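Below is one structure, written out as structure tokens, with a few remarks after it.
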Amino acid sequence: MATAEPRIVLPDESAPTILPLLPQTGGVLFAGMIPPALLEDEPGRTLIEAVADGDRRLAVVARRDPPAHARDLHRIGVDARLLRMLRQPDGRLSVLLQGTARVEVVLVVQDAPYLRARLVPVAEQPAPAPAGRRSRPCSSPPTPTP
């Protein structure tokens, strides 16, 4: 009787993920960026403290301007990692977040004590070539012969 080979099952990277969702005002976090941020509101501080005690992952999405309510967010954001957190004497939190990949908010699944959302990865698309230009391979200039 033949025995079956053990199968390795890898996680499906396109499967939805549920992460804490930090609305951001005054800027946009992109994948690869590591900007400092100062959190003054209670839901933001609660979210960061929970993330710091866990796997340090969260999603950051820009808030529409002006926000009508807490869920007035853009659909596309970024999966991020909390790198550093520092509590200020006045109660605010200084944080360093690193964007890792673009994500789309599919559904907000929790409102309190902070937002949590179901997210799916967004495939990166190459930038289109400028109009009137064709791309060509780079080559070295010809070497002169003696």
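Listing 46, 25 from fewest to most neighbouring C-beta atoms within 10 Å gives 25, 46. Placing R0 at 30 angstrom, the Cβ-Cβ distance between residue 53 and residue 120 gives a FRET efficiency of 0.75 after rounding to 0.05.
Pairwise inverse Cα distances across segment 34-103, averaged and inverted, put the Kirkwood hydrodynamic radius at 12.8 Å.
Each reported figure results from applying straightforward, stated rules to the coordinates on display, with no laboratory input. In this text the structure is predicted, and so the values were computed from the model without any measurement. Positions of Cβ are backbone-derived with ideal geometry, glycine not excepted, and every protein chain shown enters the neighbour counts.
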